[in-house]
Amino acid sequence: MTTINRTRIARLRTLGLTGLVTTGAAAAALTLMPANAQAAEMTQAHTSTAVTASSGHSSRTTSGSANNLDGWIKQSLQIMKSKGIPGSYEGLKRNIMRESGGNPGAQNNWDVNAQKGTPSKGLLQVIDPTFNAYHVAGTAHSVTDPVANITAAANYAAHRYGSIDNVNSAY
C-alpha cells in the first residue's frame, strides 16, 4: 500500500470520527478519538468547512482572530483575561477536544440533560441554564457561538473548580 493510500485512509477514518462527534455520540468519540496530531489536523480541516456551512458563523471575528478553533480560544482568552477568569490555552483546548472534538455545532442528544430537554451544546458542551447563568458580557448571547461557549464554560469552571485547567473529565 502506498503512502498516499495510507494517508487517504487515515483521513477517511478521521472524517468518520468527526461524524460521530457531530451526531453527539460522545461515548464513541471518547473511545475512538484519534491521536493528538490527527485530532488537531481534524479540527483545523473540519471547523474551517463545517462552521460556516452548518452553524452560520461569519468568516470574520471582531478581534481579528482566525475563525477557527485556535482563533476562538485566543479570543476567549483575551476576554477571560479582561474579566479575571482564569484558564490557559492548553486547558481550554484539552477540554474542547474531549467534549466536542473541536466542533462548535456539536450537540449531545442522549445524556441525562438531553433526556430532560436541555441538551449540551457547542465546543464545551454547555447546557442552556448554565450558559445563561455564566454568560460573560462582551460575548454573543448564543450557547453555540464558539467564543461565548468557551468563555461561559470557563467562567462556570472557575466558579466550580477554580479554573478550566482543573477540569479533566465531564463537568
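Tell me, in nm to one decimal, what length is gained between TYR161 and ASP128 on full extension, where the rule is 0.36 nm per residue of separation less the Cα-Cα distance? Spell out each step's value before the answer.
Working: separation 33, 0.36 × 33 = 11.88 nm, distance 1.95 nm.
Working it through step by step, the gained length comes to 9.9 nm.
Among the lysines, which have Cα under 27 Å from the Cα of LYS74 when same-chain residues fewer than 8 positions away are ignored?
The reachable lysines, counting only those whose Cα sits under 27 Å from LYS74, are LYS83, LYS93, LYS121.
At a Förster radius of 41 Å, what calculated FRET efficiency corresponds to the Cβ-Cβ distance of LYS74 and VAL112, to the nearest 0.05?
After rounding, the FRET efficiency stands at 0.80.
Which whole-number percentage describes the relative contact order of segment 108-158, with Cα contacts under 8 Å and a sequence gap of 6 or more? Each step should come with its number before you reach the end.
Working: 68 pairs, mean separation 15.0, N = 51.
Relative contact order comes out at 29 percent.
In what sequence, highest mean first, do 96-108, 80-92, 116-128 appear when ranked by Cβ atoms within 10 angstrom? Each step should come with its number before you reach the end.
Values: 96-108: 24.0, 80-92: 16.7, 116-128: 20.8.
Final packing ranking: 96-108, 116-128, 80-92.
For segment 130-171, list residues with backbone N below 11 Å from a point placed 7 Å from the Cα of ARG94 toward its Cβ?
164-169
Bear in mind that the values in this text are calculations on the coordinates, not laboratory data. Predicted model, so just to flag it, every value in this text is computed and none were measured. Please note: Cβ atoms are built from the backbone with ideal geometry, for glycine as well, and neighbour counts cover all protein chains shown.
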